[in-house]
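Worksheet: one structure, shown below.
The values are calculated or read from the model by the stated rules, or taken from the named source; none is laboratory data. Remember, predicted model here, so these are calculated numbers, not experimental data. Glycine also receives a Cβ, built like all others from the backbone with ideal geometry; neighbour counts cover every protein chain displayed.
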Ligand SMILES: Cc1cc2nc3c(=O)[nH]c(=O)nc-3n(C[C@H](O)[C@H](O)[C@H](O)COP(=O)(O)OP(=O)(O)OC[C@H]3O[C@@H](n4cnc5c(N)ncnc54)[C@H](O)[C@@H]3O)c2cc1C
């Protein structure tokens with residue numbers, strides 16, 4: 001069985017709605033509270049994915065995107 | 001009352017080696033009578049290899065230091081003849097509890113499984129542990145084994161030669177020269193041997209201080225490991241409470257990096273901290289207070305010709321995980337049978353290279369685990385603290401987050417996957433007993449499996465016809481035939497769904513190879529491989 005790889009095509013139904021939910025959750029939070037919320041959210045999603053390979057890919061993708069835009 | 005660590009156990013006595021006109025040559029010399037050096041000496045003496053320990057002190061470790069001794073250590077002690085003494089005195093525990101701020105967020109059980117002779121852990125002051133090893137040494141000496149400890153014998157200089165090691169030893173009556181065919185350096189984290197031979201010791205320093213206090217109090221906290229993240233009595237830091245025998249409790253408080261170490265150790269500063277933690281009305285006495293920092297590091301190689309390094313001399317980890325003394329005992333467990341085979345000429349010297357491979361592998365695993373625990377317990381950046389707190393916040397109500405909580409991954413023996421001595425595996429058999437792993441204990445013949453493994457190689461036969469012994473050159477393996485028919489635990493651990501299996505088990509109780517049936521040539525070649533003959 002081939003190892004599943006990260007889905008990088010557009011996959012979110014109602015992207016604007018999702019984005020609005022995300023921002024709404026942060027409404028009125030301090031920077032520290034927002035950071036904490038993001039961290040919890042990330043852990044919840046990571047657990048749901050549950051595939052070390054996928055998560056590694058996602059971490060690499062996020063990290064390399066950062067470097068491209070900042071160097 | 002005088003404490004055991006205040007009394008000389010092996011006071012200096014003049015030895016005839018000091019009066020010899022030409023330096024005496026000894027088979028094996030061990031530097032250091034800590035837990036690791038004494039375990040090595042016992043193991044070798046039980047294999048009839050003469051051994052001398054030199055120590056610059058004359059008594060057991062000052063203060064408790066190590067308190068948590070793992071199941072594997074207890075199994076090794078059983079083989080060394082002092083498991084019962086330690087377990088009877090120690091406090092047996094399996095359970096832990098984690099607090100975050102004021103909330104009790106999580107409990108765990110380290111051994112949620114029956115069918116093992118020994119518990120996951122006992123707590124015992126290091127000075128008792130050393131005392132029992134010392135008593136075992138005396139017992140072996142009384143039974144005629146060539147084993148001795150020379151107190152207040154400090155090694156001052158070392159010269160490594162192709163066929164021996166030259167030692168200059170300082171005593172209260174002056175110095176003398178001693179030669180060793182083999183030298184085991186168990187001289188602790190600051191290993192003078194390492195320094196004298198100019199060897200490296202690289203790794204990561206953790207910039208944090210911990211206050212460690214052993215207090216004597218009558219308290220009814222349960223026999224559990226209690227760990228706090230960010231408690232009200234030690235804001236922003238961690239804390240640990242753990243029970244030892246004789247109403248002694250270990251308290252460990254993280255202090256941070258920028259502190260005045262001498263001031264923090266003074267009772268007028270320590271006592272208010274402890275009262276904040278234990279409650280104002282709890283009465284206690286301080287037995288031992290110390291401040292420690294730690295490093296995670298290892299030597300690049302543990303073998304340098306005829307000098308072998310073991311224990312803290314070879315590697316150091318953070319105390320979270322209780323991997324210091326426990327891994328040191330796994331070093332000597334791995335080393336001594338190999339060294340004995342080399343000394344008796346039954347295996348080539350190259351067998352010792354596998355000590356280096358296997359225990360470097362073990363040290364790396366321990367360093368990785370203890371570094372990860374440390375990064376969780378003492379977050380080093382703002383974002384790592386954010387993630388750490390997110391895990392702890394989620395844990396209280398969601399089981400999924402619990403495995404992420406890392407208050408110290410407590411010592412378990414490592415499996416030498418792909419180790420140089422491993423022979424064939426058979427995939428159909430259970431993964432937990434694959435080659436490289438420690439043979440898992442199980443009930444057997446009304447007793448315990450590990451107690452029935454011999455001092456040499458064992459051929460564990462489960463439903464397989466095999467001869468009483470199989471040899472490869474001078475080394476042989478002795479059969480232990482067991483019936484797993486009525487024994488579900490043994491069957492689950494060694495057969496999986498299979499009807500029969502044959503395991504070749506090394507003298508240190510690690511599995512070397514396994515099959516579903518007996519083939520003499522296959523067993524002989526696995527035995528030759530596992531004893532370094534091929
Ligand atoms: C606070 C704390 C808590 C710990 N908790 C745990 C735990 O729960 N579980 C665990 O497994 N480990 C724990 N450890 C680690 C454990 O104490 C060490 O790993 C262990 O003592 C190492 O044993 P060793 O024999 O290698 O070295 P040591 O015990 O340091 O012994 C070295 C010996 O060498 C001798 N020596 C040194 N130089 C010379 C010389 N030149 N000549 C002759 N002799 C010499 C010394 O006198 C000493 O006796 C803890 C450590 C600390 C500090």
Checklist outcome for this item: Taking the range B:316-331 and keeping residues outside any loop (DSSP other than H, G, I, E, B) and within 9 Å of the ligand (Cβ to nearest atom) leaves B:316, B:324, B:325, B:326, B:327, B:328, B:329, B:331
Next on the checklist: Suppose we keep only residues that are under 27 Å from the mean Cα position of the chain (by Cα) and more than 14 Å from the ligand (Cβ to nearest atom) within the range B:160-186. Which one would you say is nearest to residue B:311 (Cα to Cα)?
Outcome noted: B:182
Next on the checklist: Criterion first (surrounded by 19 or more Cβ atoms within 10 Å (Cβ to Cβ), away from every other protein chain (no Cβ under 14 Å), assigned to a loop (DSSP other than H, G, I, E, B) and within 15 Å of the ligand (Cβ to nearest atom)) does residue B:294 satisfy it?
Outcome noted: no
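Matching residues to (1) within 14 Å of the ligand (Cβ to nearest atom); (2) modelled with pLDDT of 95 or more:
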site	(1), (2)
B:12	yes, yes
B:18	no, yes
B:37	yes, yes
B:42	yes, yes
B:65	yes, no
B:70	yes, yes
B:73	yes, yes
B:76	yes, yes
Next on the checklist: Under 9 Å between Cβ atoms, which residue pairs at least 6 apart in sequence (or on different chains) link something in the range B:53-67 that is over 26 Å from residue B:171 (Cβ atoms) and within 14 Å of chain A (Cβ to nearest Cβ) with a partner that is more than 8 Å from the ligand (Cβ to nearest atom) and in a loop (DSSP other than H, G, I, E, B)?
Outcome noted: none
Checklist entry - Among (1) closer than 22 Å to residue B:411 by Cα; (2) within 15 Å of the ligand (Cβ to nearest atom), where does residue B:51 come up short? => result (1)
Checklist entry - Looking at (1) more than 9 Å from the ligand (Cβ to nearest atom); (2) farther than 30 Å from residue B:402 by Cα, which is the only condition residue B:103 fails? => result (2)
Checklist outcome for this item: Of the residues in the range B:125-158, those that are within 16 Å of the ligand (Cβ to nearest atom) and either in a helix (DSSP H, G or I) or out of contact with any helix residue (DSSP H, G or I) (no Cβ under 6 Å at 6 or more places or on another chain) (or both) number 22
Checklist entry - Which pairs have Cβ atoms under 8 Å, sit 6 or more apart or on different chains, and link a residue in the range B:20-43 that is within 17 Å of residue B:343 (Cβ to Cβ) and without any contact (Cβ under 8 Å) to a residue 24 or more places away in the chain to one that is in a helix (DSSP H, G or I) and within 16 Å of the ligand (Cβ to nearest atom)? => result none
Checklist outcome for this item: The condition of being within 13 Å of chain B (Cβ to nearest Cβ) and either touching a strand residue (DSSP E or B) at 6+ places or on another chain (Cβ under 6 Å) or without any contact (Cβ under 8 Å) to a residue 60 or more places away in the chain (or both) holds, among A:43, A:22, only for A:43
Item to check | Residue within the range B:187-199 that is over 22 Å from the mean Cα position of the chain (by Cα), within 10 Å of the ligand (Cβ to nearest atom) and more than 14 Å from chain A (Cβ to nearest Cβ) present | outcome: yes
Checklist entry - Is it the case that residue B:94 is away from the ligand (no atom under 13 Å from the Cβ) and more than 14 Å from every other protein chain (Cβ to nearest Cβ)? => result yes
Checklist entry - Among the residues of the range B:390-423, which ones are touching a residue at least 12 places away in the same chain (Cβ under 8 Å) and facing chain A (nearest Cβ under 9 Å)? => result B:391, B:393, B:404
Checklist entry - How many of the residues making up the range B:1-38 are in a helix (DSSP H, G or I) and closer than 26 Å to residue B:157 by Cβ? => result 8
Next on the checklist: Filter the range B:297-310 down to the residues that are farther than 14 Å from residue B:359 by Cα and within 16 Å of the ligand (Cβ to nearest atom) and list them by number.
Outcome noted: B:307
Checklist entry - Which of the residues that make up the range B:336-378 are surrounded by 21 or more Cβ atoms within 10 Å (Cβ to Cβ) and not in a helix (DSSP H, G or I)? => result B:347, B:378
Next on the checklist: Take the residues in the range B:442-462 that are at pLDDT below 95 and touching a strand residue (DSSP E or B) at 6+ places or on another chain (Cβ under 8 Å); name whichever of them is farthest from residue B:423 (Cα to Cα).
Outcome noted: B:445
